[in-house]
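The values are calculated or read from the model by the stated rules, or taken from the named source; none is laboratory data. Just so you know, these numbers come straight off a predicted model, no measurement behind them. So basically every Cβ, Gly included, is an ideal-geometry build from the backbone, and we count neighbours across all protein chains shown.
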């Protein structure tokens with residue numbers, strides 16, 4: 001089971017006759033066993049004898065163990081997801097009866113920095129932890145390789161959390177029908193490439209499936225976008241499942257620089273015969289902020305789900321640089337109303353133009 005820590009995750013203890021309850025949380029990144037001692041111990045007394053329900057929201061404690069400062073660089077192979085992008089959570093529930101705590105059960109979860117929508121109710125989860133929606137996605141076929149790793153990063157990856165049941169990934173060429181398969185390690189969190197490196201020209205269908213039963217858990221179609229009139233802008237963001245997702249802006253883009261400064265009146269060096277070359281006003285603390293306005297080019301109606309997740313994301317990279325989204329609202333277009341759908345967004349680069357990091 002999974003926990004999406006940007007939404008509340010409620011642990012309920014409601015045993016008949018209890019006087020109170022306790023929850024022990026053991027949280028750790030990566031593989032290995034749970035810590036001996038709990039990181040957090042939460043306890044409550046019951047509200048009243050006729051209302052014994054006690055509730056604990058454990059999400060805020062989990063988010064302390066999640067960050068996306070480290071980024072995947074090996075995009076051509078299935079690679080272990082950086083361990084600080086997810087964590088294990090062991091929850092021990094206790095009831096308090098006659099002054100003694102009694103252990104009720106122990107449950108272990110994998111937690112991600114994702115969220116659920118209000119309509120999904122409390123504690124939304126996935127039947128199988130694949131941190132990407134199904135559907136059809138496009139990538140820039142002519143995108144450059146990453147110069148630091150000499151790796152082609154056009155299509156990127158999806159994150160898959162496996163159990164003890166064996167699963168495999170299968171890539172099917174959209175033109176020839178040829179296939180490639182690869183096993184995915186059990187009980188791991190793995191970044192699985194969306195497009196097999198030999199299928200970049202044609203694109204492929206990616207399926208994640210159980211080995212023994214053949215049941216398909218995920219299907220995604222990834223197609224090259226070949227008609228780029230403009231330089232494509234690559235956007236990586238943490239989606240609603242708490243995994244990195246890549247989308248592209250294929251339309252026109254415009255860069256802007258805005259400058260901030262403080263002006264003051266200058267005291268003249270000589271008076272009244274002052275030097276006219278010096279001037280009367282000067283500026284200090286001059287720095288600038290860069291923004292970029294991008295367009296998706298024409299997209300299908302279902303692209304609005306990507307737009308929603310992007311606008312709600314707390315971690316966004318544009319051309320591998322950190323940004324924040326200035327666009328605060330947008331219409332989620334419907335084909336019946338708008339035949340040609342294009343989304344325009346404005347991002348602000350999350351750093352000053354002049355390096356003043358101290």
**OP:** Answer with yes or no whether residue 266 is over 26 Å from the mean Cα position of the chain (by Cα), in contact (Cβ under 8 Å) with a residue 12 or more places away in the chain and surrounded by 11 or more Cβ atoms within 10 Å (Cβ to Cβ).
**Re:** yes
**OP:** Confirm whether residue 183 is surrounded by 14 or more Cβ atoms within 10 Å (Cβ to Cβ) and under 19 Å from residue 81 (Cα atoms).
**Re:** no
Subject >> Scope segment 297-327; condition at pLDDT below 95 and in contact with a helix residue (DSSP H, G or I) (Cβ under 8 Å, 6 or more places away or on another chain); matching residues >> reply: none
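Mind telling me which of the residues 261, 339 ends up being over 23 Å from the mean Cα position of the chain (by Cα), outside the structural domain of residue 139 (by TED's automatic domain parsing) and either exposed (fewer than 11 other Cβ atoms within 10 Å of the Cβ) or part of a strand (DSSP E or B) (or both)?
261
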**OP:** Grab the strands (runs of 3 or more DSSP E) fully contained in segment 150-212, keeping just those with 1 or more residues being not assigned by TED's automatic domain parsing to the domain that holds residue 232.
**Re:** none
Original post:
What number of residues within segment 77-89 satisfy the criterion of being in a strand (DSSP E or B) and surrounded by fewer than 18 Cβ atoms within 10 Å (Cβ to Cβ)?
Top reply: 2
**OP:** State which residue is nearest to the chain's Cα centre (by Cα) when the search covers only segment 32-57 and only residues that are exposed (fewer than 10 other Cβ atoms within 10 Å of the Cβ) and under 19 Å from residue 90 (Cα atoms).
**Re:** 32
Original post:
Going by the conditions given, is residue 234 part of a loop (DSSP other than H, G, I, E, B) and surrounded by 17 or more Cβ atoms within 10 Å (Cβ to Cβ)?
Top reply: no
Original post:
Going through segment 1-30 one residue at a time, which ones are assigned to a loop (DSSP other than H, G, I, E, B) and within 18 Å of residue 187 (Cβ to Cβ)?
Top reply: 1, 29, 30
Original post:
With respect to the numbered conditions (1) surrounded by 17 or more Cβ atoms within 10 Å (Cβ to Cβ); (2) assigned to a strand (DSSP E or B); (3) modelled with pLDDT under 95, which one is the sole condition not fulfilled by residue 283?
Top reply: (1)
